[in-house]
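Trainee: I am attaching a structure below and will ask some questions about it afterwards.
The values are calculated or read from the model by the stated rules, or taken from the named source; none is laboratory data. Not measured: the values here are computed from a predicted model. Here the Cβ positions follow ideal geometry from the backbone for every residue, glycine too, while neighbour counts run over all protein chains shown.
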Amino acid sequence: MAMEEARNPVVLTQPPQRDRTRRQRGWTLDDARRFLAQVGDDGLAPAFHLALVTALRRGELLALRWVDVDLDGQTLTVHQQLAVEGGGRCSSN
């Protein structure tokens, strides 16, 4: 009985084509500066600034506490995030 030669079925497929009509991009530095200028007097402006410079997620920003901030060491540690489950808030570590 002869051994059958191994075949790779992937060679018979075509890779998906990239959709070039939709181009996603992040903000430029000028975009971020314009945004911060617009929200300058808003009470949430510091949170917006922190989001831009750290790339923290919304839930991580909303769950920050002063104990997470070390002003002397100039560090911020994310210990938890705020999530919404079933219409109510819950905090997860």
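Trainee: Return yes or no: is Val53 exposed (fewer than 13 other Cβ atoms within 10 Å of the Cβ), at pLDDT 90 or above and within 17 Å of the chain's Cα centre (by Cα)?
Mentor: Details: exposed (fewer than 13 other Cβ atoms within 10 Å of the Cβ): yes; at pLDDT 90 or above: yes; within 17 Å of the chain's Cα centre (by Cα): yes.
When the stated conditions are applied, Val53 passes them.
Trainee: OK, next. It is to be established whether one or more residues within the stretch 12-20 are among the hydrophobic types (A, V, I, L, M, F, W, C) and either surrounded by 11 or more Cβ atoms within 10 Å (Cβ to Cβ) or touching a residue at least 24 places away in the same chain (Cβ under 8 Å) (or both).
Mentor: Taking the stretch 12-20 and keeping what is among the hydrophobic types (A, V, I, L, M, F, W, C), we get 12.
Now restrict to residues that are either surrounded by 11 or more Cβ atoms within 10 Å (Cβ to Cβ) or touching a residue at least 24 places away in the same chain (Cβ under 8 Å) (or both): none.
No: zero hits.
Trainee: Next up: Could you check, for the stretch 25-35, whether at least one of its residues is basic (Lys, Arg) and within 21 Å of Gln80 (Cβ to Cβ)?
Mentor: No, the stretch 25-35 contains no residue that is basic (Lys, Arg) and within 21 Å of Gln80 (Cβ to Cβ).
Trainee: Is it the case that Asp72 is part of a loop (DSSP other than H, G, I, E, B), surrounded by 10 or more Cβ atoms within 10 Å (Cβ to Cβ) and among the charged types (D, E, K, R)? I'd like the intermediate steps shown before the answer.
Mentor: Working: part of a loop (DSSP other than H, G, I, E, B): yes; surrounded by 10 or more Cβ atoms within 10 Å (Cβ to Cβ): no; among the charged types (D, E, K, R): yes.
Considered against the rule, which asks whether it is part of a loop (DSSP other than H, G, I, E, B), surrounded by 10 or more Cβ atoms within 10 Å (Cβ to Cβ) and among the charged types (D, E, K, R), Asp72 comes out as no.
Trainee: Please enumerate the residues belonging to the stretch 44-62 that are under 15 Å from Ala32 (Cα atoms) and either assigned to a helix (DSSP H, G or I) or in contact with a strand residue (DSSP E or B) (Cβ under 8 Å, 6 or more places away or on another chain) (or both).
Mentor: Ala45, Pro46, Ala47, Phe48, His49, Leu50, Ala51, Leu52, Val53, Thr54
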